[in-house]
Amino acid sequence: RRIWSRSVSPKQNLIAAIAEALAPDKPIKTSVWAAENRILPKDSPEPGPWRNERTPYLVEIMDVLSAKQDHSPVREVYLKKGHQLGGSALGENFCGSAISSAAGNFLAVFATLEDAEKWELNRFEPMRETTPELRKRIKDANIKGADNTKKRKKYPGGMLQLVGANRPGALKSTT
């Protein structure tokens with residue numbers, strides 16, 4: 001954040017503030033975003049700040065998923081893992097990082113629409129509520145004028161659309 005300087009004119013301060021506001025966000029790796037921003041809800045197995053040290057095997061996967069990795073040869077990521085090893089949290093960190101630092105439209109496809117609705121209620125909404133970076137970008141769907149629903153989350157620069165793969169019509173373009 002820029003601090004106003006008395007050594008330059010108010011006009012120069014205003015121009016600098018506008019330039020800073022319009023500048024794109026710095027690229028950030030998903031693992032770094034998670035460590036700096038993600039707060040796990042009170043009802044999670046390990047509530048509080050996300051710690052990459054707890055799941056070091058997820059760090060490289062999160063980093064290759066990170067936006068703005070233009071120099072990486074990785075174009076596709078496949079994850080084969082055991083049960084309860086952090087795969088869902090990895091995906092949530094990726095969503096949060098993308099919403100916060102690489103805004104654009106995001107389509108999250110679940111097996112069924114009911115699965116999408118359960119994820120929104122049990123995973124995404126608690127993450128949004130406990131993570132200040134997401135809370136300031138995505139308004140609560142229950143607030144009048146939020147323009148958000150359980151299946152669509154709008155944020156500056158884009159939206160997250162939740163759909164079920166069992167409904168082909170939902171997979172068509174919404175923009």
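Within segment 45-59, being without any contact (Cβ under 8 Å) to a residue 24 or more places away in the chain and either assigned to a loop (DSSP other than H, G, I, E, B) or among the acidic types (Asp, Glu) (or both) holds for Pro45, Glu46, Pro47, Arg51, Glu53. Here segment 79-99 is the region considered, the condition is being within 15 Å of Pro56 (Cβ to Cβ) and part of a loop (DSSP other than H, G, I, E, B), and the residue that is most open to solvent (accessible area, probe 1.4 Å) is Lys81.
Scanning segment 107-157 for residues that are among the hydrophobic types (A, V, I, L, M, F, W, C) and at pLDDT below 85, we see that the one that is farthest from the chain's Cα centre (by Cα) is Ile143.
Entry remark, segment 105-138: residues being assigned to a loop (DSSP other than H, G, I, E, B) and either closer than 22 Å to Gly86 by Cβ or touching a Phe, Trp or Tyr at 6+ places or on another chain (Cβ under 9 Å) (or both) number 4 in total. Against the criterion of being open to solvent by less than 60 Å² (accessible area, probe 1.4 Å) and in contact with a helix residue (DSSP H, G or I) (Cβ under 6 Å, 6 or more places away or on another chain), Asn52 qualifies.
The numbered conditions (1) modelled with pLDDT under 85; (2) farther than 20 Å from Pro41 by Cβ; (3) outside any helix (DSSP H, G or I) are all true for Gly169 except (3). Here Ile138 passes the criteria (1) of a type outside the set (Phe, Trp, Tyr); (2) surrounded by fewer than 17 Cβ atoms within 10 Å (Cβ to Cβ); (3) more than 15 Å from Leu107 (Cα to Cα) except the one numbered (2).
Per the listing Pro27, Pro41, the residue uniquely at pLDDT 85 or above and either open to solvent by 60 Å² or more (accessible area, probe 1.4 Å) or not hydrophobic (A, V, I, L, M, F, W, C) (or both) is Pro41. The residue that is surrounded by the most Cβ atoms within 10 Å (Cβ to Cβ), among those in segment 100-133 that are of a type in the set (Gly, Ala, Ser), more than 19 Å from Pro168 (Cβ to Cβ) and out of contact with any Asp or Glu (no Cβ under 7 Å at 6 or more places or on another chain), is Ala102. Would you call Glu120 out of contact with any Cys (no Cβ under 9 Å at 6 or more places or on another chain) and without any contact (Cβ under 8 Å) to a residue 24 or more places away in the chain? Judged against the criteria, Glu120 is not a match. I'm checking my understanding of the structure. Among residues of segment 10-24 that are of a type outside the set (A, V, I, L, M) and within 22 Å of Pro156 (Cα to Cα), which one is least open to solvent (accessible area, probe 1.4 Å)? Among them, the one singled out is Glu20.
The values are calculated or read from the model by the stated rules, or taken from the named source; none is laboratory data. All of these numbers come straight from a predicted model, not from anything done at the bench. Neighbour counts run over all protein chains shown; Cβ positions are idealised from the backbone, glycine included. Areas reflect the complete protein model, heavy atoms only, side chains present, ligands, DNA and RNA absent. Shrake-Rupley method; radii C 1.70, N 1.55, O 1.52, S 1.80 Å.
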